[in-house]
Each structure stands twice: as structure tokens, then as C-alpha cells.
1. Return yes or no: is SER100 touching a residue at least 24 places away in the same chain (Cβ under 8 Å), within 16 Å of the chain's Cα centre (by Cα), within 14 Å of the ligand (Cβ to nearest atom) and open to solvent by less than 60 Å² (accessible area, probe 1.4 Å)?
2. Kindly provide the set of residues from region 241-295 that are in contact (Cβ under 8 Å) with a residue 60 or more places away in the chain, in a helix (DSSP H, G or I) and surrounded by 20 or more Cβ atoms within 10 Å (Cβ to Cβ), ordered by number.
3. For SER153, which of the numbered conditions (1) out of contact with any Leu (no Cβ under 9 Å at 6 or more places or on another chain); (2) in a helix (DSSP H, G or I) fails to hold?
4. Limited to region 297-307, what total is found for residues that are at pLDDT 95 or above and surrounded by fewer than 21 Cβ atoms within 10 Å (Cβ to Cβ)?
5. Of the residues that sit in region 64-123 and are hydrophobic (A, V, I, L, M, F, W, C) and assigned to a loop (DSSP other than H, G, I, E, B), which one is farthest from ILE263 (Cα to Cα)?
6. Name every residue in region 3-33 that is touching a Ser or Thr at 6+ places or on another chain (Cβ under 6 Å) and away from the ligand (no atom under 13 Å from the Cβ), in order of residue number.
7. Take region 173-189 and flag every residue that is open to solvent by less than 50 Å² (accessible area, probe 1.4 Å) and modelled with pLDDT under 90.
8. Applying the selection to region 159-193, what residues are among the basic types (Lys, Arg) and within 17 Å of ASN139 (Cα to Cα)?
Amino acid sequence: MKSIKIFAPATVANLSCGFDVLGCCLDTIGDEMIISITEEPGVKITKIEGADLPFETHKNVAGVAVESFLSAYGKDIGVTIEIYKKIKAGSGIGSSAASSAGAVWAINHLLGNPFTPQKLVEFAMQGEKLASGNAHADNVAPALLGGFTLVRSYSPLDIIKLHSPKDLVMTVIHPQIEVKTSDSRSVIKHNVTLKKAIQQWGNVGGLVAGLFTEDYDLIGRSLEDVIIEPLRSILIPEFDTVKKAAIQKGALGAGISGSGPSIFALSKGMKTANDVADTIKDIYSKTGIDFDIHISKINDQGVKIIN
Ligand code: ADP
């Protein structure tokens with residue numbers, strides 16, 4: 001039996017202007033998984049700790065992603081999956097994506113890497129489809145490729161790994177409230193005005209250029225979302241206060257992580273990221289809502305082997 005233990009990272013999707021296309025990978029928060037190849041064919045989830053999630057292969061995103069991998073691989077091998085969950089489901093920092101991406105990355109590694117990371121994104125997206133009804137790639141792509149990623153196109157799938165300036169640090173607050181995916185989807189409008197579209201794609205271009213040239217001010221100016229954030233932020237208590245305070249403390253920008261309720265702030269340097277965390281803590285402590293705060297450098301590697 002061949003076996004591997006991995007770290008399956010949390011991710012921040014959208015990054016304000018890049019709804020469904022931009023994302024980045026975190027380093028200090030993620031799940032652990034043990035994936036094994038067994039003699040008896042079939043995919044089995046043998047252990048889940050830290051969360052109440054289904055063991056049935058077709059109901060767990062890790063199982064669905066591995067089934068998708070195996071049907072492309074074409075050989076009937078046996079796989080067992082153990083999941084040690086640290087990322088809370090529905091937090092907006094890619095809980096389901098970590099399981100899908102981690103599982104397919106590990107099985108690919110155990111089989112001698114028959115597929116490219118880009119191809120693995122396709123398999124992991126099947127897990128995302130189970131979790132949210134939508135096969136989006138903005139969490140699984142950064143989890144698998146590391147750093148910042150852009151989904152240039154969904155059809156055909158075209159994933160681009162961007163550059164990660166080394167001083168960038170994320171501060172993420174996860175308020176422990178439930179925002180139903182159906183609610184966070186239902187507030188989104190399906191048509192946008194040309195004026196807003198121009199602002200949005202200007203910002204996406206600016207953010208990508210800022211990452212490659214390590215222009216931190218440009219990164220900050222580009223972290224603006226005129227389409228989704230104004231509608232979704234009303235579901236997150238103290239969103240405007242947190243965003244304003246984070247920027248006042250020196251963050252380059254702040255926004256909703258994925259579909260929320262987590263809020264991210266991106267800073268240059270660890271000191272600013274820590275100051276931002278302290279300010280956000282002060283604001284949220286007064287609300288009576290439980291919360292977690294994570295501070296993380298950008299993980300340029302993605303899923304990785306651990307002992
Ligand atoms: P996040 O908001 O952190 O991105 P998601 O909303 O993407 O998390 O995923 C959470 C949903 O996926 C929940 O409904 C959960 O029950 C389901 N799910 C199924 N399998 C898993 C898994 N292995 N890990 C996390 N969530 C899973």
C-alpha cells in the first residue's frame with residue numbers, strides 16, 4: 001500500500017475584482033489528508049475528523065474529485081481517503097476546494113504525476129460542482145498551482161499562474177455566522193452595466209499587472225469590486241467598518257473572501273497584517289459574534305507533502 005500525508009490549503013477566491021476568475025493560496029490554514037492506494041478497487045473515505053461531513057464517496061467532494069480523476073486515468077485502482085478538517089465548511093476560504101484539490105493532487109503524486117496541475121483543476125472542479133452546484137475553479141486552481149491564479153477562460157479551461165510578490169500577507173476574519181450559499185447567490189444580478197464592466201476589467205488588468213511588477217500601490221488601487229461586493233456585503237455584519245479600518249491601518253485593500261462571510265485584507269509586510277488583525281479583532285469583539293482570524297503569507301506551492 002502506498003500512502004501520502006498532505007497539507008490541503010485554504011484559498012481566497014475573487015480577490016475583489018475577479019469574481020469566479022482570481023484566487024490565491026494561503027499557508028497557515030488548511031486541512032490535512034492521508035491518501036492511500038490499495039489493492040482492492042474502489043474509492044473509500046475511511047476517516048473524517050474535525051467536521052461532520054458525508055462518508056459516501058458521491059456525497060463528499062474529495063470522493064467525487066478522485067472518481068473524476070480515475071475515470072480519466074482509466075485503470076480501476078483502489079483509493080482510501082482520510083480527512084482531518086481544519087477549515088470550517090461554508091467559511092468562504094475554500095473548505096470544499098481544499099478537500100477536492102488535496103485528494104487529486106495526492107493520488108496524482110502517488111501514481112507518478114500522470115496529469116499536469118492544470119488538468120487536476122478539471123477533476124477538482126467536479127468536487128466544487130457537488131459543493132455549490134457550480135464547477136468553479138477560483139479556489140481549486142490556487143490550491144493546486146499555488147500563489148495567485150487567473151481562470152482566463154472556463155470553456156476551454158485556461159488557468160494561468162500569476163506572480164506572487166513575496167511581501168504580501170493576508171489577514172482573514174471568519175465571522176461564525178451562516179450565510180446560505182443560496183442567499184449569497186440570489187443577491188447577485190446577472191446583468192451589469194457597461195460602465196461597471198469597464199471599471200471591473202480595468203481593475204482585473206491592474207491587479208494582474210501589479211502582481212507581476214510587484215507594484216504594491218497598484219495592487220491596492222485595483223482591489224475594488226463594483227459589481228458583487230456592494231450587493232453581497234450587506235449579508236456580512238460590520239463589513240464596511242472592517243474594510244475601512246483595515247485600509248486605515250495600512251492594508252492595500254480588503255474585500256469579501258469567496259462568497260463570504262470571511263473578509264480578507266491584503267497587506268505589504270507582516271507587521272501591517274498583524275496591526276490589521278488587531279483592529280479587526282477590536283471591531284468584531286464588540287459584535288458578540290464568534291470569529292477566527294488567520295494571518296498568512298501567500299503559499300506559492302499549493303498542496304504539499306507533510307510528515
Ligand atoms: P467554503 O465556503 O469554505 O468555500 P464551500 O461552501 O465551498 O466552503 O463548501 C462547503 C459545502 O461542501 C458544504 O455543504 C459541505 O457539506 C460540502 N462538502 C462535501 N464534502 C466536503 C469536504 N470534504 N470538505 C468540505 N466541504 C464538503
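The values are calculated or read from the model by the stated rules, or taken from the named source; none is laboratory data. None of these values were measured; they are calculated from a predicted model. Cβ: placed from backbone, ideal geometry, glycine included. Neighbour counts: every protein chain shown. Side chains included, ligands, DNA and RNA excluded: accessible areas come from the protein's heavy atoms. Shrake-Rupley method; radii C 1.70, N 1.55, O 1.52, S 1.80 Å.
1. Yes, satisfied.
2. Listed by number, the residues that qualify are VAL242, ALA246, THR272, ALA273, VAL276, ALA277, ILE280, TYR284.
3. (2) is the only condition that SER153 fails.
4. Taking region 297-307 first, the residues at pLDDT 95 or above are 297-306.
Next cut, surrounded by fewer than 21 Cβ atoms within 10 Å (Cβ to Cβ) only: 297, 300-301, 304-306.
So the answer is 6.
5. ILE77
6. The answer is SER3, CYS25, ASP27, THR28.
7. Passing the criteria: VAL179, SER184.
8. Looking only at region 159-193, we keep the residues that are among the basic types (Lys, Arg), and these are 161, 166, 180, 185, 189.
Matches in region 159-193: LYS161, ARG185.
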